[in-house]
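Working notes, structure below.
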Amino acid sequence: MAATIRLQREPFDAASEAAKLRHGRRDIGAVVTFTGICRSDESGAPLAAMTLEHYPGMAEAEVARHVEAAERRWPLLGVTVIHRYGRLEPGEDIVLVVTAAAHRQDAFAAAEFLMDYLKTRAPFWKQIEFAGGEKTGGKIWVDAKSSDDELAERWTRPGGGREAAE
Amino acid sequence: MKLRYFAWVRERIGKPEEEIEPPAGIATVADLMTWLSHRGEEYAHAFENPKVIRAAIDRAHVRGDAAILGAREIAFFPPMTGG
């Protein structure tokens with residue numbers, strides 16, 4: 001199965017990426033499209049922007065490794081992952097995961113698995129810039145959440161996560 | 001070998017990358033962090049809590065006990081916050 005993986009500064013079009021994935025196919029019964037979006041606040045403080053730093057070379061490799069792991073675990077018929085980097089303002093898209101399968105359970109589970117791993121294993125770091133500049137705290141690096149680690153961890157437990165549909 | 005730093009590790013050290021030749025006896029990623037932290041205040045600040053620092057050798061995640069022998073590129077960075 002050919003997967004599409006792109007890291008880019010430019011915006012993406014989630015609808016057209018999902019359409020491309022299923023174009024001309026009659027075996028696909030389910031497409032799940034997840035879009036992560038830059039919010040306008042962080043813990044109640046208004047945000048001016050978010051800047052995503054990444055490790056070129058390793059980020060692509062790490063995303064590809066997890067796409068391969070998802071393909072081994074669920075019978076997928078297509079995967080697209082696009083992750084943006086650079087400065088993004090509230091309302092802008094950050095990340096896109098599209099999964100296609102014959103059955104919805106596999107498409108949902110694979111999309112959730114990929115997002116859980118992107119959050120904790122792909123070398124990206126978010127720095128947020130508060131509205132109002134220095135007066136309100138300027139820029140801070142977002143702390144990793146232990147709840148995100150736990151979400152990623154559950155896929156490694158025996159019987160954890162959700163396995164392929166019958 | 002080339003060292004690369006990202007996010008606040010990069011900011012604290014004040015540069016994104018550098019070439020270094022660690023002395024003999026520096027065998028693991030954890031040894032390298034300890035050695036680096038004695039190179040100056042900026043390094044001491046970056047590695048003040050080595051438990052939170054993540055590392056990669058040649059663009060793959062590794063633990064602190066990973067051997068650095070033969071590594072071309074070692075990266076240090078905080079826990080990741082993508083997605």
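Values in this text are rule-based calculations from the coordinates and carry no lab data. Just so it is clear, the model here is predicted, and its values are computed rather than measured. Cβ: placed from backbone, ideal geometry, glycine included. Neighbour counts: every protein chain shown.
With an a/c value under 1.5 for the gyration tensor axes a ≥ b ≥ c computed over the alpha-carbon atoms, chain B is described as rounded. Projecting label points 7 angstrom from Cα along Cα→Cβ for B:Asn49 and A:Asp149 puts them 1.1 nm apart.
Placing a label point 7 Å from the Cα of B:Lys2 along the Cα-to-Cβ direction, the residues of segment B:11-27 whose backbone N falls under 13 Å of that point are B:16-20.
For the options A:Ala18, A:Ala110, A:Ala131, a Gaussian network treatment of chain A with springs between C-alpha atoms closer than 10 Å singles out A:Ala131 as fluctuating the most. When only Cα pairs below 8 angstrom with a gap of at least 6 residues are kept, chain A shows a relative contact order of 30 percent. A simple charge model with +1 on the Cβ of Lys and Arg, -1 on the Cβ of Asp and Glu and nothing else charged puts the dipole of the protein assembly as shown at about 460 debye relative to its Cα centre. Once the Cα-Cα distance is subtracted from the 0.36 nm per residue extended length, the A:Glu92 to A:Met1 segment shows a gain of 29.8 nm.
Annotation for chain B: trypsin sites (Lys or Arg not before Pro) lying in DSSP loop with at most 10 further Cβ atoms inside 10 Å of their Cβ are B:Arg63, B:Arg72.
Multiplying the residue separation of A:Thr35 and A:His103 by 0.36 nm and subtracting their alpha-carbon distance yields 22.4 nm. Of all the options A:Thr51, A:Thr35, A:Thr156, the one that moves most in a Gaussian network model of chain A with Cα springs shorter than 10 angstrom is A:Thr156.
Return the Rg/Rh value of the protein assembly as shown, two decimal places, where both radii are evaluated on C-alpha atoms and Rh is the Kirkwood radius.
Result for the protein assembly as shown is an Rg/Rh of 1.01.
Taking label points 7 Å from Cα along the Cα-to-Cβ direction, A:Ala48 and A:Arg65 give a separation of 3.6 nm. When trypsin sites (Lys or Arg not before Pro) are flagged only if DSSP places them in a loop and at most 16 other Cβ atoms lie within 10 Å, the longest unflagged stretch of chain A comes out as A:40-144.
Ignoring lysines fewer than eight residues from A:Lys139 along the same chain, the ones with Cα atoms less than 27 angstrom from its Cα are A:Lys119, A:Lys126, B:Lys15, B:Lys51. Could you please report the charge total around B:Glu19, scoring K, R as +1 and D, E as -1 over all other residues with beta-carbon less than 13 angstrom from its beta-carbon? After counting each charged neighbour, the total is 0.
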